[in-house]
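Just so it is clear, none of the values below were taken in a lab; they were calculated from the coordinates. Being a predicted model, the structure only gives us computed values, none of them experimental. Cβ atoms come from the backbone with ideal geometry, glycine included; neighbour counts cover every protein chain shown.
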Amino acid sequence: MSESMQVSRSDFDRYMVPNYAPVDMIPVRGRGSRLWDQQGREYIDLAGGIAVNALGHAHPAMIEALTEQAGKLWHLSNVMTNEPALRLAARLIEATFAEKVFFANSGAEANEAAFKLARRWAHDSFGPDKHEIIACTNSFHGRTLFTVSVGGQPKYSEGFGPALPGISHVPYNDLAALEATISDATCAVVVEPIQGEGGVIAADNDWLRGVRALCDRHNALLVFDEVQSGMGRTGKLFAYMDTPVLPDILTTAKSLGGGFPIAAMLTIDRVAKHFGVGTHGSTYGGNPLGCAVAERVLDIINTREVLDGVVQRRQWLVDGLQALNAEFGLFSEIRGRGLLIGAQFVEARRGQARLLQEAAQKAGLLVLQAGPDVMRLAPSLLIEQQDIEEALQRLRLAVQGLDA
Ligand SMILES: *Cc1c(COP(=O)(O)O)cnc(C)c1O
């Protein structure tokens, strides 16, 4: 089909499986934290592709990395290795607790690899009985059958036949519940250091200390799903760096490629060695295009300037939200870390997150929700102060329009 074929939002309902309900406009162009739709209307983007567009849209360094690599080599398969993958792996190891890396294409795939590796490690080291995985209520780990089974939101696994066995859930930030559930049959405890989809809720440091100790006592691996919280989002390269614990396995995706699909599972040698030749794989995982882009994204994010900038930008946004809240009394809590911000609606406004999202869009502002009662912001880590100020003005208009 030629590029001149006209398409519109109604074509979504005609052609696409109805598993999404996209908004009524179609963006066609972006630059930094601004987007333009088919009609040329401009929006300030505080959604950031759901914590993916860490450097905003069309960042010149990403375009350069992508086009440079596109002229050299796109794909080889894992029969051969490639330079961008090896460079990116070395960079990730240098920057974190990790000693080995596995590349995938999405958060769910990185988690799938993490859960399979944990079971394989336990099987090899302790025998087949040690296969149980403990995860948290309300957690989100992706949409494959294994990851919806580990995820703590039953609505995502119901109706797809039996969930995978050997998985249980305990409330987040509740050490007694974990202590009552964990045993020597547990191979892994899976935690989002900040629950993203579950409402932007951060883990307590005391709880994490306890989780780490229980994992050590029962020879279970601690898996951190940092698909949403990682890559500078919190003002550290990874959220675990602001906690008193180290994980044994960490997954990252979303911001890793800044918009190019790539994911990674990071781990330590004594665990990694249980993924021997042939045990696991991915056709596209670690392809040169994705790795070249991610290498450049990592170089830019993992600097003092950008990470400190996240802290500053959070302050601007939270100050603005608090001023708005003083005027309108919308939120009972403004929480999260860095540029992953959740604003919980007051009791009287429960269920209004989608409504505010729609009102904001009318005012030229893109925001997210995390469940029906929380407005979520996950903007570019490089968003300009002027964009933040204008975004807050547009949000004020949207809020005024809410009760009109
Ligand atoms: C988005 C997300 C995933 C799933 O990532 P996909 O790339 O959509 O597969 C997994 N875990 C967390 C914490 C996420 O936020």
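Spin-label model, SER8 to THR81: label points 7 Å out along the Cα-to-beta-carbon direction sit 5.3 nm apart. Hull volume per residue, based on the alpha-carbon atoms of the chain and their convex hull, is 158 Å³.
The tail of the calculated P(r) for the range 26-184, taken as Cα-Cα distances beyond 30 Å, holds 39 percent of the pairs. For the chain, the dipole from Cβ point charges (+1 on Lys and Arg, -1 on Asp and Glu) about the Cα centre works out to 340 debye, to the nearest 20.
Taken as Cα centroids, the range 51-75 and the range 202-226 sit 35 Å apart, rounded to the nearest whole angstrom.
Sorted ascending by nearby beta carbons within 10 Å, beginning with the fewest, ILE134, ILE268, ILE301 become ILE268, ILE301, ILE134.
Roughly what % of Cα-Cα distances in the range 160-284 sit above 23 Å, to the whole percent? Cα-Cα pairs of the range 160-284 separated by over 23 Å account for 37 percent. Applying 0.36 nm per residue to the separation of VAL346 and GLU64 and subtracting their alpha-carbon distance, the gain on full extension is 97.0 nm. With R₀ fixed at 56 Å, the C-beta to C-beta distance from MET16 to ALA185 puts the FRET efficiency at about 0.85. When each of CYS215, CYS136 is scored by the number of other beta-carbon atoms lying within 10 Å, the sequence from fewest to most is CYS215, CYS136. Rg/Rh for the range 73-301 to two decimals, with Rh computed the Kirkwood way over all alpha-carbon pairs. Rg/Rh for the range 73-301 comes to 0.95. Averaging the Cα positions of each part gives two centres, and for the range 299-324 and the range 334-385 these lie 16 Å apart. Annotation for the range 93-188: GluC sites (Glu not before Pro) lying in DSSP loop with at most 15 further Cβ atoms inside 10 Å of their Cβ are GLU99, GLU158. Sorted ascending by nearby beta carbons within 10 Å, beginning with the fewest, THR252, THR67 become THR67, THR252. Here the Karplus relation 6.51 cos²θ - 1.76 cosθ + 1.60, evaluated at θ = phi - 60°, turns the backbone of the range 104-110 into coupling constants of 9, 10, 7, x, 4, 5, 5 Hz, with x for every Gly and Pro. By DSSP, the beta bridges lying fully in the chain are antiparallel in about 65 percent of cases.
Within the range 73-301, antiparallel bridges make up roughly 40 percent of the DSSP beta bridges whose residues both belong there. Summarising the strand pairing of the range 211-302, around 50 percent of its internal DSSP beta bridges are antiparallel. Each of GLN393 and LYS273 was given a label point 7 Å from its Cα along the Cα-to-Cβ line. The distance between the two points is 6.2 nm. The slack in the chain from LEU402 to LYS72, taken as 0.36 nm per residue of separation less the alpha-carbon distance, amounts to 113.7 nm. In the chain, helices alone account for a calculated mean residue ellipticity at 222 nm of -11500 deg cm²/dmol, with every DSSP H run of four or more residues adding -39,500 (n - 2.57). The equivalent ellipsoid that matches the C-alpha gyration tensor of the range 248-358 spans semi-axes of 38, 18, 14 angstrom, in descending order.
Taking each of LYS72/LYS362; LYS130/LYS236; LYS155/LYS362; LYS155/LYS273 in turn, the alpha-carbon distance tops 32 angstrom for LYS72/LYS362; LYS130/LYS236; LYS155/LYS273. Extension gain for the segment GLN312 to MET241, taken as residue separation times 0.36 nm less the Cα-Cα distance, is 23.7 nm to one decimal.
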